[in-house]
1. Filter the stretch A:116-140 for residues that are part of a strand (DSSP E or B) and touching a residue at least 24 places away in the same chain (Cβ under 8 Å) and give the result.
2. State the number of residues belonging to the stretch A:160-172 that are within 17 Å of the chain's Cα centre (by Cα) and surrounded by fewer than 24 Cβ atoms within 10 Å (Cβ to Cβ).
3. Taking B:ALA143 as the residue in question, decide whether it is in contact with a strand residue (DSSP E or B) (Cβ under 6 Å, 6 or more places away or on another chain), within 24 Å of B:LEU322 (Cα to Cα), within 14 Å of chain A (Cβ to nearest Cβ) and part of a helix (DSSP H, G or I).
4. Please find, within the stretch A:311-332, the residue that is nearest to the other protein chains (Cβ to nearest Cβ) out of those that are over 30 Å from A:TYR363 (Cα atoms) and crowded, with 16+ Cβ neighbours inside 10 Å.
5. Going through the stretch A:371-429 one residue at a time, which ones are among the hydroxyl-bearing types (Ser, Thr, Tyr) and either touching an Asp or Glu at 6+ places or on another chain (Cβ under 7 Å) or not in a loop (DSSP other than H, G, I, E, B) (or both)?
6. Take the stretch A:251-268 and flag every residue that is touching a helix residue (DSSP H, G or I) at 6+ places or on another chain (Cβ under 8 Å) and assigned to a loop (DSSP other than H, G, I, E, B).
7. Here is a list: A:LEU261, A:LEU291. Which entry is farther than 25 Å from A:TYR15 by Cα and buried (at least 23 other Cβ atoms within 10 Å of the Cβ)?
8. Report yes if B:ALA244 is of a type in the set (Gly, Ala, Ser), farther than 24 Å from B:GLU318 by Cβ, out of contact with any Lys or Arg (no Cβ under 8 Å at 6 or more places or on another chain) and assigned by TED's automatic domain parsing to the domain that holds B:LYS117, otherwise no.
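The values are calculated or read from the model by the stated rules, or taken from the named source; none is laboratory data. Quick caveat, the model's predicted, so the values are computed rather than measured. As a convention, Cβ positions derive from the backbone with ideal geometry for all residues, glycine included, and neighbour counts pool all protein chains shown.
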There are 2 protein chains.
Amino acid sequence: MKKIIQAVKGTRDFYPAEKAVITFLYQTIREVSESFGYQEYDGPFLESIDLYAAKSGEELVKEQSFVFPDKSGNLIALRPELTPSLVRMIAQKQRQLHFPLRWWSFGPFWRYESPQKGRGREFFQWNADLIGAASPEADAELAALLASLFRKLGLGPDQVQVYVNNRRLMEEELRVMGIPDGLHEIVFKIIDRRDKLADQDWQAYALDLGLDGKQFSAVQGLLEDRELWKKSPELPRFFEAVDALGAADYVAYAPRIIRGLDYYTGTVFEAQAVSSTVRRSVAGGGRYDNLMADVGGDPLPGVGFAMGDMVLSVILKELDLLPPDRDASPARVMVTVFSEDTLLASYQLAAELRAAGLDVYSYPTPEKLGKQFKHADRVGARLALVQGPDEIKAQAVAIKDLASGEQKTYPRSEAAGAIRELLDKPPAA
Amino acid sequence: MKKIIQAVKGTRDFYPAEKAVITFLYQTIREVSESFGYQEYDGPFLESIDLYAAKSGEELVKEQSFVFPDKSGNLIALRPELTPSLVRMIAQKQRQLHFPLRWWSFGPFWRYESPQKGRGREFFQWNADLIGAASPEADAELAALLASLFRKLGLGPDQVQVYVNNRRLMEEELRVMGIPDGLHEIVFKIIDRRDKLADQDWQAYALDLGLDGKQFSAVQGLLEDRELWKKSPELPRFFEAVDALGAADYVAYAPRIIRGLDYYTGTVFEAQAVSSTVRRSVAGGGRYDNLMADVGGDPLPGVGFAMGDMVLSVILKELDLLPPDRDASPARVMVTVFSEDTLLASYQLAAELRAAGLDVYSYPTPEKLGKQFKHADRVGARLALVQGPDEIKAQAVAIKDLASGEQKTYPRSEAAGAIRELLDKPPAA
């Protein structure tokens, strides 16, 4: 036997059971996004590298993106994130769009990273953004939207939390501590690595990047201060609004949250599993008030977040919160084929039932009925229909309940109604 | 003002009105696919170039695909089609899967072509395949599935047709005409160009590829023979089954249909608009019985098709068959914010109504009510809710019907019910 050609490292094959997870997430995300009045949109999957160059942060663009020259030599990136496309699209139609504007999206993204549990090179991401409103209450809506998805998925506040901080607050604190403005970006980078490194390694990293021992201790102290948010002019209003939106149980302050992307200007947040085998963040976001002007549009404030499918799916699987029967055919009715002679009659019956609004799987060729029943059971059908020469002569259909094994014959004109009734009945224990 | 960074040529920005078209197609495709019992799946978006090298046809792989080396130097392609991924996935799990197997998919694809109306470099495609059944009736099911989508979309058989031919029949006829087997692939290439070239250019192309004048005339004659299908052992059974499946009005024989992909072995078909400003095919497919063995699996027959979103969308737009209000917010209710003091009460009201199952858009900040009403109208909301200090004191909500201008105050506990009732009422003319 020849060797089967391998899939590309870090990509996933979505067999029906795996695709069902993506579709379940997409549909739940749609419901939650629409309940807040967000409109669905999407950007292209390919973008010019220039779009990311300035603001996404060097690591994301140069090290973690798939970039290649097209036939004209222009550098194209497989999008590693959506915010720059969103901002470009809004800047392009700034005069026609009505602000405040709420948009959401769910689509594929690519990052050239080492694949591991909960991380791949090709993944899906939910994005939600509110553009044209600059208040802490607008920030709170995004945190509440994210919390609403968790609640809808069955994840409780003891299982996942949205941790919040504010970059302006942190900058102010660094200034008070005497750390010069020129070092702030480096300190943010250090803070962003806090959760990813062991204590020793983290300290070494900080000193390596240029903090002295005193500055390091001050930063370390800052990250322990759980009351720091009270000094922010924004965060108390943020938490009050989160409470009004009914999401207070999911949202908490955490001074170590800073987020890796360079474009955030104010409140930032990150969702994390409280206990799971994957420790990476579930979602992250924040306020970006300068990005629109940076890509060439008129200044316009924005806040948003992104949530990947992979970490969330691991958590939902661990907690048994994914829908059951993910491998089953959507059709719960299978029409069997009795013989070569009755094949077309079976096709006709299937078409008739579909026209009546039923989802019907039709066995394509004549085979032993036992084999066909077994197949129906394996693909998750509940009922198997038989139409042999006797049934055809009598204009009837035999319907077999595969759960109970019971079989009964109905006039063909009543078949659709009988099927609906049988499908509504719970299967016998 | 700085210049806004441009989108990549041949890609599309999906603003809400454009994304609504994709979502409408995806949802309609889901309904139709599920009505035939097909299970949703997907392949990766990146595949090794080797997967396509042998069988997709040289033009598609070498000239029309986005191909780039990854950091290890392996050549990666942005998938130009799905069938090779499908076949690879099935070959990998051939012992665990239950055949016959019906799978469908809707996702993004890329081709490096010159963008024009109905054609881009980044597009979506519906794929449906039936694997493990080798009969003409199985072929007929795929044609009927495609026709069912057209019917569901409101496209009549006078607007779109599925044209069918059979490669084995054509090979047999070429043999009878004395055209040697070694020339068949070239003749197929010539036939495939028939619709794309003017008569003169087509003849020149045929002679250029090596046909002599007599052979050219014979091929030309063959393409005029609308009764040719009767000589096929498969096509009469195919058309009978299409009829049994209720799709005869959408399916017709056409000897010029051959399809460009190299892997087809039997029946091939192509959907075309009967009259439209775009003349390219809407969908294409056929039987491929050798592909599984070619990628390293055990031999297994297959039949399937692919349909892009772009040509179909042009036709649906021309015929005004796209859903209305594609630009509107999904929320038909907007909660206004009366003042800074009542902001949180408005947020609370919105959260309460969402918890009651309503989709609610909440204005994020206090503004003049007139401006907020105007915004509600622009984003497509039907009702605007007002909760000023008086309403808060009285535990009430004022509900304004933006269509009629009528406003009425309800006890807050009855707001959700009142909103449902108002939304059910047709707007005053």
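1. A:ARG119, A:GLU122, A:PHE123, A:PHE124, A:GLN125, A:TRP126, A:ASN127, A:ALA128, A:ASP129, A:LEU130, A:ILE131
2. Within the stretch A:160-172, residues that are within 17 Å of the chain's Cα centre (by Cα) and surrounded by fewer than 24 Cβ atoms within 10 Å (Cβ to Cβ) number 1.
3. Criteria met by B:ALA143.
4. Across the stretch A:311-332, the extreme among qualifying residues is A:SER313.
5. Within the stretch A:371-429, A:THR409, A:TYR410, A:SER413 qualify.
6. A:PRO255, A:ARG256, A:ILE258, A:ARG259, A:GLY260, A:LEU261, A:ASP262, A:TYR263, A:TYR264, A:THR265, A:GLY266
7. Going through A:LEU261, A:LEU291 in turn, the sole match is A:LEU291.
8. Yes; evaluated as a whole, the condition is true for this residue.
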